[in-house]
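Novice: Got a structure for you, questions after.
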Amino acid sequence: MHRYGEPPAGRWAAPGRVNLIGEHTDYNDGFVLPFALPLRTVVAAAPQDDGRWTVGSELSDCPVEFGADEVAAPGRVTGWGAYVAGVVWALRDAGHHVPGARLAIASDVPLGSGLSSSAALEAAVLAALVDLGGVDLPAERRPRLAQRAENTYVGAPTGIMDQAAVIRCRAGHALFLDCRTEAVEHVPFDLAAAGLAVLVVDSRAPHRHADGEYASRRASCEQAAELLGVAALRDVPAAGLDEALARLDGDEIRRRVRHVVTEDQRVLDTVELLRAGRIRDIGPLLTASHASMRDDFEITVPEIDTAVEAALAAGAYGARMTGGGFGGCVLALVDADRSDAVADAVTTAYAGRGFHAPNFHLAAPAPATHRLP
Ligand code: GLA
């Protein structure tokens, strides 16, 4: 933790997340099912009298400092400090008073691995500033504000899933989120009781053109919705998919639409199974989601496909890429006593292909953003 001259007023923790299923559905007003990870970002904070913000991070030798000018308009602070300045900007833009503060950041959420290190940073900073400033901002309204920081201040056109996950998840549960209405259901997901584990494989594949590809997938979906005369692809029911596809010209746009529509249905089917306590049975849905991302949405890379195939061959009930794609992580649903064997199988497959050795985490649903005692 960055050194303070005096003790901080408090510490706030925000988790990373994995998404169990529902990829690239959030910005199509659809459904997602993430859960919070035990990996987390902690922000220690204290008021700063001059009305400015000073931010130190374990990961950087150089503190970032900014004042009212830099948060008067988006984009004036760049690099990792933009996520912090973006939160200050979004709070002020929503009419809240944000006191000057010193912030010190420590995190064990790996950066750039698709586990939402940026949403964790935004959520922890937001919680700290809201508490320090005595701002009245209920948890349900925080994800949109953190998303604005990322969309408008940082300039990344992401959906609502990551911020909603890290702010609204609950320990022991997955978060079934309707991204249009922001209605949530906390679906019990007790892996340990079922003798199961979720093994997260960090592919360590470099994110290749991830930003541009993400924006282009989003643009294709919006174009398709317009051509189909619906507000968003969420409005195409699975039963009406063939008819919708017949109205579109071109194989690529049809495949993009098929991914989103079938993925929304897989989320609904997964939730049904979890409500019935049938965790093992969601495996085939996870694997089908992966095939759809690989073949229809075309957002996987060889390291990711290799991890999924090796995990399945080693006995995983299901496996899929999680997150935005073009690198990042795979999750595999495995018997708890098989997680080492599955990890070894993935490591061996990577060595055989000459890839960087992957990293592994065991994921069980952890608490959302909160103030530490
Ligand atoms: C990234 C974005 C999310 C979501 C996922 C894909 O994580 O931040 O909003 O679109 O990709 O499901």
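Novice: Compute the angle between helix 81-93 and the longest alpha-carbon principal axis of the chain, please, reported from 0 to 90 degrees and rounded to the nearest 10.
Specialist: The two axes meet at around 80 degrees.
Novice: Under the definition of Cα pairs under 8 Å and six or more residues apart, what whole-number percent is the relative contact order of the chain?
Specialist: On the way: 821 pairs, mean separation 91.3, N = 373.
So the answer I get is 24 percent.
Novice: For Gln223 and Glu272, FRET efficiency with R0 = 30 Å and r from the beta-carbon atoms, rounded to 0.05? Don't jump to the answer; show the numbers that get you there.
Specialist: Numbers: r = 31 Å, r/R0 = 1.05.
Computed FRET efficiency for Glu272 and Gln223: 0.45.
Novice: Which length gain, in nm to one decimal place, applies between Arg76 and Arg280 when the Cα-Cα distance is subtracted from 0.36 nm times their residue separation?
Specialist: Working: separation 204, 0.36 × 204 = 73.44 nm, distance 4.80 nm.
Between Arg76 and Arg280, full extension yields an extra 68.6 nm.
Novice: I'd like the trypsin sites (Lys or Arg not before Pro) in region 1-86 restricted to DSSP loop residues with at most 11 other Cβ atoms within 10 Å, sorted by number.
Specialist: Details: sites: Arg3, Arg11, Arg17, Arg40, Arg52, Arg76; in loops: Arg3, Arg52, Arg76.
Here the trypsin sites (Lys or Arg not before Pro) that fit, given the DSSP loop and packing criteria, are Arg3.
Novice: What number, in percent, do you get for the relative contact order of region 192-363 if the mean sequence gap of Cα pairs under 8 Å and at least 6 apart is divided by its residue count? Can you show the working numbers first?
Specialist: On the way: 264 pairs, mean separation 63.1, N = 172.
So the answer I get is 37 percent.
Novice: Let me ask you something else. Once fully extended, how much extra length lies between His186 and Glu243, figured as 0.36 nm per residue of separation less the alpha-carbon to alpha-carbon distance? List each step's numbers first, then the result.
Specialist: On the way: separation 57, 0.36 × 57 = 20.52 nm, distance 3.36 nm.
That works out to 17.2 nm of additional length.
Novice: Quick one: putting +1 on the C-beta of Lys and Arg, -1 on the C-beta of Asp and Glu, what dipole do you get for the chain around its Cα centre, in Debye to the nearest 20?
Specialist: Values: 34 positive and 49 negative charges, 97 e Å.
With only Lys, Arg, Asp and Glu charged at Cβ, the dipole is about 460 debye.
Novice: Using a 1.4 angstrom probe on heavy atoms only, work out the carbon and sulfur share of the accessible area of the chain in %. Working shown, then result.
Specialist: On the way: 7340 of 14790 Å².
So the carbon and sulfur contribution to the accessible surface is 50 percent.
Novice: Still on this structure, I have one more. For helix 302-313, report the angle its Cα long axis makes with the longest principal axis of the Cα atoms of the chain; keep it between 0 and 90° and round to the nearest 10°.
Specialist: Helix 302-313 sits roughly 60 degrees off the main axis of the chain.
Novice: What residue among Leu241, Leu121, Leu191 shows peak mean-square fluctuation when the chain is described by a Gaussian network model with Cα springs under 10 Å?
Specialist: Maximum fluctuation in the GNM of the chain, among the listed residues, is at Leu241.
Novice: Further, regarding this structure: In the Gaussian network model of the chain, springs joining C-alpha atoms below 10 Å, which of Asp69, Asp344, Asp26 carries the largest mean-square fluctuation?
Specialist: Comparing Asp69, Asp344, Asp26 in a Gaussian network model of the chain, the most mobile one is Asp69.
Novice: Next up: Using a 1.4 angstrom probe, figure out how much accessible area region 192-363 has per residue, in square angstrom, rounded to the nearest whole. Intermediate values should be presented prior to the final figure.
Specialist: Numbers: 7330 Å² over 172 residues.
Accessible surface, normalised per residue, equals 43 Å².
Novice: First measure r as the distance between the Cβ atoms of Glu140 and Ala341, then evaluate 1/(1 + (r/R0)^6) with R0 = 30 Å and state the FRET efficiency to the nearest 0.05. Before the final figure, lay out the partial values.
Specialist: Values: r = 42 Å, r/R0 = 1.39.
For Glu140 and Ala341, the calculated efficiency is 0.10.
Novice: For region 97-146 and region 246-285, write down the distance between their C-alpha centroids in whole Å.
Specialist: For region 97-146 versus region 246-285, the Cα centre distance is 32 Å.
Novice: Can you give the helix-only mean residue ellipticity at 222 nm for the chain, where every DSSP H stretch with n ≥ 4 adds -39500 (n - 2.57) and the sum goes over all residues, rounded to the nearest 500 deg cm²/dmol? All intermediate terms of the calculation are to be shown ahead of the outcome.
Specialist: On the way: 10 runs with 132 residues, N = 373.
Calculated from helices alone, the mean residue ellipticity at 222 nm is -11500 deg cm²/dmol.
The values are calculated or read from the model by the stated rules, or taken from the named source; none is laboratory data. Nothing here was measured: the structure is a model prediction, and the numbers come from that model. We place every Cβ from the backbone using ideal geometry, glycine too, and count neighbours over all the protein chains shown. All accessible areas refer to the heavy atoms of the entire protein, side chains included, with ligands and DNA or RNA removed. Shrake-Rupley method; radii C 1.70, N 1.55, O 1.52, S 1.80 Å.
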